[in-house]
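Here is the structure we will look at.
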Amino acid sequence: MPRFNPPPGWPAPPAGWTPPDGWQPDPSWPPAPPGWPFWVDDAPATPLARRRTRGRRAGLVAAASVGALALVVAALQAAHGEPSGPTSATSSARSVAAGPSAGNRSSSEPTTASATASASPTATTTATTTATTTTTAAPTSSAPPVPTTAQPAARPGTALAALATLRVAGRAPKTGYDRARFGQAWADVDRNGCDTRNDVLRRDLTRYTLKAGTHGCLVLKGTLHDPYTGRTISFVRGQSTSIAVQVDHVVALSDAWQKGAQTWTLDQRTAFANDSLNLLAVDGPTNASKGDGDAATWLPPVKSYRCAYVARQVAVKSRYGLWVTRAEKDAMARVLARCPDQRLPSARAFRLGGGTVAAAPATTTSAPAPSTPSTSGGTDPRFGTCEEAKSHGYGPYVQGRDPEYDWYRDSDHDGRVCE
């Protein structure tokens, strides 16, 4: 017997289940691939089953033939003034369908039937039409109707419409990937005098405080309403506290590397790594658990934010021509099916300033300035190298503006260190 065969991503039905009349699949399920076989036979039919199937089909055809002949006999009886009740007509039709027995066949029967049928074309045509209709309506298979998986057309400008334009391909090898392939971490690509990490913190934090003398760049503390977990997190700049809030690449750099970025130039990858559209300040541990996962392997714990999250991934991949895997696209489609009108987000330029500026440390003339800058009085912790400082979220430092500039070597003599 045929078995219902659900497409990939649909829940497996109980054994022997068949869809009831009027059944439709859940809109959140992925669409079935073109030409998907909804009904399959797990084992070939036995000779006995094939004989039974042929017997059922022969019975259906015979029943249709008897019904048609009954109409013809009734018409003949009416033409000769004979009784034409349903019982006698059906009995006569069955006799005709069975054929005349040996010894009782008359040579005049075919001529009489043919002549009478010719005299009553209307009755013959009606009987033939009825027989044809009956035969067509008779089922030839016990399989229930195939459920439809048609999806409504996505509206232009929505994330769902943009998703349909993304190319589907397999994940390329991760061979050769390194964070340095995407340029210097948090480079000041927009040349506003501030690194990208602090740009994102100013955009995403509330009630933040800026360090004096940094021209509205460096964030000392603030409050994050984390979109991934729904938690409220207090951010305090420091060697052991800054990690509580991290800046997430919504489309991970490693994921981009495996889906098209390997062929880019260094400048293109650096721009991608610092694009405001692809960056969010989020809970540190949650960002670490995401790793380089795509939508098929990781989504934010807060389900109400998943539409906005996936829409941002679609916007980034569409903007940079990155492809998606089949599993990734199906996962995105399932999320966006719940919010078909979700619009694509857009990139915004970072702005300096805002918030509250911390008071500058008091200066004194009673003692000479220390030869080595102190980590107190609002300066950042001092590290052995710029690489260490940047790995903890500090830098860049500008000559004449930041006392931390004097702690590190300006190898290119551009007046900036730890860029």
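The values are calculated or read from the model by the stated rules, or taken from the named source; none is laboratory data. Since this is a predicted model, take the numbers as computed values, not measurements. Cβ sites come from the backbone with ideal geometry, for glycine too, and all protein chains shown count toward neighbours.
Observations on the structure shown:
- Residues satisfying the stated conditions in region 204-222, i.e. surrounded by fewer than 17 Cβ atoms within 10 Å (Cβ to Cβ) and either within 37 Å of the chain's Cα centre (by Cα) or of a type in the set (D, E, K, R) (or both): Thr206, Arg207
For every residue, the table says whether it meets (1) closer than 23 Å to Gly284 by Cβ; (2) touching an Asp or Glu at 6+ places or on another chain (Cβ under 9 Å); (3) modelled with pLDDT under 80.
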| residue | (1), (2), (3) |
| --- | --- |
| Thr325 | no, yes, no |
| Lys329 | no, no, no |
| Val335 | no, no, no |
| Pro361 | no, no, yes |
| Tyr397 | no, yes, no |
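- Per-region count, region 156-184, residues surrounded by 12 or more Cβ atoms within 10 Å (Cβ to Cβ), over 14 Å from the mean Cα position of the chain (by Cα) and either part of a loop (DSSP other than H, G, I, E, B) or of a type in the set (A, V, I, L, M, F, W, C) (or both): 8
- Of the set (1) at pLDDT 95 or above; (2) closer than 24 Å to Asp402 by Cβ; (3) of a type outside the set (Gly, Ala, Ser), all apply to Thr241 but (1).
- Residue pairs meeting the criteria (Cβ under 6 Å; at least 6 apart or on separate chains; first closer than 10 Å to Thr165 by Cβ, in region 312-323; second in a helix (DSSP H, G or I)): Val314/Ala159; Val314/Ala162; Val314/Leu163; Ser318/Ala162
- Some residue of region 303-319 being touching a strand residue (DSSP E or B) at 6+ places or on another chain (Cβ under 9 Å), assigned to a helix (DSSP H, G or I) and within 21 Å of Asp380 (Cβ to Cβ): no
- Scanning region 261-300 for residues that are outside any helix (DSSP H, G or I) and surrounded by 18 or more Cβ atoms within 10 Å (Cβ to Cβ) yields Trp264, Asn274, Asp275, Leu279, Leu280, Ala281, Val282, Asp283, Asp294, Ala295, Leu299, Pro300.
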